[in-house]
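A.B. asks: One structure is given below, represented as structure tokens, and several questions about it will come after.
The values are calculated or read from the model by the stated rules, or taken from the named source; none is laboratory data. None of the values given here were measured: they were computed from a predicted structure. Using ideal geometry, Cβ is built from the backbone for each residue, glycine included, and neighbour counts are taken over all protein chains shown.
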């Protein structure tokens with residue numbers, strides 16, 4: 001099903017209609033630039049009856065719930081896209097907590113790899129691949145001591161095929 005989009009629609013309305021073509025449930029994030037104290041607004045839409053599509057096609061904007069100023073839309077995601085984002089964020093949070101535990105306290109300065117790691121952490125009872133546990137220990141020690149040679153050695157152990 002494709003929505004007809006008149007020329008006067010805003011780019012955000014066009015992106016919302018395009019997302020509705022992919023899935024009827026959306027998460028929309030907006031920002032209020034009005035005079036009220038509201039900043040971030042998250043709207044979850046279910047468009048099974050097509051009322052929201054009609055609202056957008058009529059040229060009506062999403063507005064701030066407090067001051068009624070049109071929202072600046074900065075993210076439109078379908079349910080599967082939002083689910084994938086939520087799951088990745090949960091994994092990043094767990095990995096950060098594991099790194100904090102392994103370092104003995106809160107991360108003051110996290111590496112880019114730690115902040116963006118959304119891989120599933122190893123589960124209890126599942127052995128890590130050969131050499132990985134040792135390499136993790138070497139990396140942790142090298143990071144704490146800021147020892148580039150040890151870090152290079154650990155990376156070589158983890159990724160022996162890299163140039």
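A.B. asks: Could you count how many residues in region 67-83 are assigned to a strand (DSSP E or B) and within 23 Å of the chain's Cα centre (by Cα)? Before the answer, list the steps.
C.D. replies: Residues of region 67-83 that are assigned to a strand (DSSP E or B), as a first pass: 70, 72-78.
Then keep just the ones that are within 23 Å of the chain's Cα centre (by Cα); that gives 72-78.
Adding up the residues that qualify gives 7.
A.B. asks: Hey, does region 95-103 have a residue that's closer than 30 Å to residue 113 by Cβ and either touching a residue at least 40 places away in the same chain (Cβ under 8 Å) or in a loop (DSSP other than H, G, I, E, B) (or both)?
C.D. replies: Scanning region 95-103, I find at least one residue that is closer than 30 Å to residue 113 by Cβ and either touching a residue at least 40 places away in the same chain (Cβ under 8 Å) or in a loop (DSSP other than H, G, I, E, B) (or both), so the answer is yes.
A.B. asks: In addition: Can you confirm whether residue 26 is on the phi < 0 side of the Ramachandran plot and at pLDDT 95 or above?
C.D. replies: Working: on the phi < 0 side of the Ramachandran plot: yes; at pLDDT 95 or above: yes.
Answer is yes for this residue.
Matching residues to (1) in contact (Cβ under 8 Å) with a residue 24 or more places away in the chain; (2) part of a loop (DSSP other than H, G, I, E, B); (3) surrounded by 19 or more Cβ atoms within 10 Å (Cβ to Cβ):
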site	(1), (2), (3)
13	yes, no, yes
26	yes, no, yes
36	yes, yes, no
41	yes, no, no
44	no, no, no
59	yes, yes, no
65	yes, yes, no
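A.B. asks: Do we have residue 80 as assigned by TED's automatic domain parsing to the domain that holds residue 10, closer than 21 Å to residue 17 by Cα and surrounded by 13 or more Cβ atoms within 10 Å (Cβ to Cβ) here? I'd like the intermediate steps shown before the answer.
C.D. replies: On the way: assigned by TED's automatic domain parsing to the domain that holds residue 10: yes; closer than 21 Å to residue 17 by Cα: yes; surrounded by 13 or more Cβ atoms within 10 Å (Cβ to Cβ): no.
Criteria not met by residue 80.
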